[in-house]
Amino acid sequence: MSIIKSSQTHPLYKDLVKIVGEDRVSDSRVVMSAYSKDACHLTAERPEVVVMPETLDEIKSIAKICNSTKTPLVPAGGRNGICGACLPRIEGAVMLDMVKMDEIVEINEDVMTVTVEAGLRWAELIHRLDEKGYKLGFRGPYGGNAGTVGGSVSINSIGYAASKFGPSTEGVVSLEVVLANGDVITTGSGWNKDAPIFARYTTYNDITGLFLGDHGTLGVKTKVTLKIYPKADYFTYGDFGFTSLEDASQAFLEVQKLGFTEELNLLADRQSTDTFFPGFLDKHPEIKSMFASVVQEVDAQLAQRKMEIIREIALKHGGKDLGNFASQMHWSELFNLVQPLYNNGFWLNTCHLRPIPKIPALMDRMWAIFEKYQLLENGIKWIASCLGAERAYATGWVTIFAPNKEKMELALKAWNEMLDSVIETKGCPYWNGLLWEKRALKQTDQKFLDTYWTVKKALDPENILSPHVFEGGF
Ligand SMILES: Cc1cc2nc3c(=O)[nH]c(=O)nc-3n(C[C@H](O)[C@H](O)[C@H](O)COP(=O)(O)OP(=O)(O)OC[C@H]3O[C@@H](n4cnc5c(N)ncnc54)[C@H](O)[C@@H]3O)c2cc1C
């Protein structure tokens, strides 16, 4: 950050330099401009100074100085979110860029956990574990080249292997968190100063859960301990096509309930498959909807047998065996899979959770919107994909692609109606951020919200951590 000169005008600039040195602080307008967005188009306030800590002690000191001066402090990970969650809602904020906190602290083979610094990116973690013969449960959001572990568990990310292991937050055993006043807490078995970090639920209530999905409002996560599993080398893949979304959803639900699949993805209409895997369905004009399934096991026969059972279920619901191109592509491309979709234009997403039987109702609403705004005629493509998530619900990520600036206004109109439809059809967003917050707040039970604010006031009485998040500002 030293190449571009800081303006040195932020009131805490000199204090921050004292804590981390000049090279890791900037309040230059050029640098702030680069920090003014995440991976979506939504905007809020720009941070006014950015600091890149490398140690726990630095973060403690930064929190203390912000707390004593009542200066807003906003943690950021890879800034790869697509809901504007890491953007300040208030002027004068210090942004805490966590990406230099990226070490693997410990792989504990006795209790099968890995402890990482919160700024570590998923792609690197997965690679490093693989070399040691281990895999994670949840294996990162599809944007895991850039997304960090701390960022993902702060916003309930869902993605690879969520079908078997659930969202990012399900795999968390313990957190190390710096509170607003600079105190540090280690959750899970960390309450016992002499015990190793090995379990989430012991002796007290689940303090870990308090910080998961908090959007950085209750503390700064500095370490995250995750469950690991023996690496499993045997894969089977299966793609199955259906003539109706109803049949596809029923088969999808039955397979998801079994918990066999590492990854189970439904493409809800023909257009979505044509956009995701162009040409794949050309020889199957009757197919309207399909799912791709991936099984990963430690034994070849086990992997084979599980796929046979999935096939039987698909065929029972009128499915057609389409081979395994889509599922293999989907799995083996990992974090590079969705990046090329930007070729279709800028993404406007509606990522949320819903029970699997409610997928057809969502698609009826989406189709009405696609037709009302004549998206196809206007060259606006979409992908309606549902990822099976732990046990028996799904994420719906219905994304439309604005191909150019001229079509953006039309796409935005359609997208806003799509967001309303998601809530009206009883969907629950997993992230909140600028994308969902106003809509989510309208639906939120007041007692639930009051309880959150009681906790927030107790942990952060000066309201310095990501102020105005969950208030509907911007
Ligand atoms: C191509 C692409 C594909 C994507 N695919 C998916 C997907 O499949 N699933 C999915 O869920 N998301 C997806 N995303 C969005 C994004 O990648 C994820 O949500 C990711 O988990 C965000 O992590 P991050 O480190 O970038 O967090 P950021 O965007 O930097 O921050 C997210 C939130 O976490 C808070 N935060 C960050 N670090 C900390 C910390 N250490 N302590 C406390 N709070 C913190 C921030 O304040 C903010 O509220 C995708 C994005 C892109 C661009």
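The values are calculated or read from the model by the stated rules, or taken from the named source; none is laboratory data. No experiment lies behind these values; they were computed from the predicted model shown. Glycine gets a Cβ as well: all are built from the backbone with ideal geometry, and neighbour counts include every protein chain shown. Protein only, heavy atoms only, side chains kept; ligands, DNA and RNA dropped before computing areas. Shrake-Rupley method; radii C 1.70, N 1.55, O 1.52, S 1.80 Å.
Structure data summary
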{"item": "Spatial separation of Cα centroids for the range 365-380 and the range 1-63, in angstrom", "result": "42"}
{"item": "With Cα atoms, 0 to 90° folded angle of helix 405-424 axis to the chain main axis", "result": "90"}
{"item": "Computed over the chain: relative contact order in percent, which uses C-alpha pairs under 8 Å that are six or more apart", "result": "16"}
{"item": "Relative contact order of the range 164-236, defined on C-alpha pairs under 8 angstrom at six or more residues apart (%)", "result": "37"}
{"item": "Size of charge dipole - the range 235-431 - debye, nearest 20, with Cβ of Lys, Arg +1 and Asp, Glu -1, no other charges", "result": "240"}
{"item": "Rg and Dmax of the chain, Cα atoms only, in Å", "result": "22.6, 68"}
{"item": "Rounded tilt (10° steps) of 122-131 against the dominant C-alpha axis of the chain", "result": "80"}
{"item": "5 angstrom amide H check on VAL173, placed H, neighbours 5+ away", "result": "THR225, LEU226, LYS227"}
{"item": "Placed amide H near LYS135: partners under 5 Å, 5+ positions off or other chain", "result": "TYR229, LYS231"}
{"item": "Extreme residue, positive dipole direction of the chain, given options ILE310, LEU449, MET112 (C-beta unit charges)", "result": "LEU449"}
{"item": "Only Lys, Arg (+1) and Asp, Glu (-1) charged, at Cβ; the chain dipole about Cα centre in debye", "result": "640"}
{"item": "In the range 226-305, GluC sites (Glu not before Pro) in a DSSP loop with at most 11 other beta-carbon atoms within 10 Å", "result": "GLU286"}
{"item": "Extreme residue, positive dipole direction of the range 100-230, given options ILE158, GLY133, ASN205 (C-beta unit charges)", "result": "ILE158"}
{"item": "Rg ratio (alpha-carbon, reference 2.2 N^0.38 Å) - the range 27-158", "result": "1.12"}
{"item": "Signed unit charges on C-beta, dipole axis of the range 366-474, positive-most listed residue CYS386, ILE369, MET418", "result": "CYS386"}
{"item": "Sequence-distant residues sharing a close amide H with GLY92 (under 5 Å, placed H)", "result": "GLU48"}
{"item": "Per-pair calculated FRET efficiency, R0 = 56 Å: THR243 and SER7 via Cβ, rounded to 0.05", "result": "0.35"}
{"item": "Extended-chain gain in nm, criterion 0.36 nm per residue less alpha-carbon gap, ASN181 and LYS438", "result": "89.6 nm"}
{"item": "Exposure rank, largest accessible area first [VAL50, VAL184; 1.4 Å]", "result": "VAL184, VAL50"}
{"item": "Surface accessible to a 1.4 Å probe, PHE474 within the full protein complex, Å²", "result": "110"}
{"item": "Table column - 3J(HN,Hα) (Hz), the range 221-227, Karplus curve with 6.51, -1.76, 1.60, x for Gly and Pro", "result": "6, 10, 9, 10, 9, 10, 6"}
{"item": "Charge dipole magnitude, Cβ of K and R +1, D and E -1 - the range 100-230, Cα centre, debye nearest 20", "result": "300"}
{"item": "Table column - 3J(HN,Hα) (Hz), the range 373-382, Karplus curve with 6.51, -1.76, 1.60, x for Gly and Pro", "result": "9, 6, 4, 4, 4, 8, x, 9, 8, 8"}
{"item": "³J(HN,Hα), Karplus 6.51/-1.76/1.60, whole Hz, each residue of the range 357-370, x for Gly, Pro", "result": "x, 8, 5, x, 5, 4, 5, 4, 5, 5, 4, 4, 6, 4"}
